[in-house]
Amino acid sequence: MEERINYDEVFGISKKWLDELFPFHVVIDEWGGVISFGPLLQKAINDIDIDEAIDNVFEYELPEGEEGDVDITVENIKEKVMTRVNLIGKMAPLKLRGEVRYYSESKTCLFLLRPFITQTNQLKRYGIKLEDLPLSDPSIKYLELLEKNS
């Protein structure tokens, strides 16, 4: 996949490192089109494509404790209406949590996401193994405890 942005320049991190640390990340352009995504996101939600509108792929769910009705738009992100995010895949109902940042120089938004997994069988459903997750993912410890106690 040819990259349309220079990760080092825009985000201060290489694409390789971003893929390793946040394998479920998504980058969108100023019109809400997906321009890049992490390798595990592609594996879990195989209906995500470059140039696809992000709101065709995900539904937005307000984080706990927040009220209102907010759409996934670059304007909402720029206005800081949306910094913590919960996204749910429309075709594969994987729930992702994280944050989003707007980068004015490149007019892009970077979603740093992690799967919200509460049962070990959810990983299999999305073709993901526990060892695929980055070591910093808090889900790992939780899922290890679940496996140990089952």
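Taken together, the values in this text are just the output of simple stated rules run on the coordinates, not laboratory data. This structure is a prediction, so every number in the text was calculated from the model and none was measured. Note: ideal-geometry Cβ built from the backbone for every residue, glycine included; neighbour counts use all protein chains shown.
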> With each run of n ≥ 4 DSSP H residues scored as -39500 (n - 2.57), what mean residue ellipticity at 222 nm is computed for the chain after dividing by its residue count and rounding to the nearest 500 deg cm²/dmol?
Replying inline: -6500 deg cm²/dmol
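Which ordering of L21, L113, L143 is given by a fewest-first count of other beta-carbon atoms within 10 Å?
Working: L21 15, L113 26, L143 19.
The fewest-first ordering by Cβ neighbours comes to L21, L143, L113.
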>> Give the lysines reachable from K148 as a straight Cα distance under 27 Å; neighbours fewer than 8 places away on the same chain don't count.
In response: K43, K95, K124, K129
> When the convex hull of the C-alpha atoms of segment 7-116 is computed, what volume per residue in Å³ does it have?
Replying inline: 93
> Under a plain spin-label model, where a point goes 7 Å from the Cα along Cα-to-Cβ, how far apart in nm are E9 and E61?
Replying inline: 3.8
>> Starting from the 7 Å offset along Cα-to-Cβ, what nm value, one decimal, do you get for the label separation of L21 and S136?
In response: 0.4
> Between Y103 and R125, what is the label-to-label distance in nm when each label sits 7 Å out along the Cα-to-Cβ direction?
Replying inline: 3.3
>> Treating only the Cβ of Lys, Arg, Asp and Glu as charged (+1, +1, -1, -1), what charge dipole size does the chain show about its Cα centre? Round to the nearest 20 debye.
In response: 660
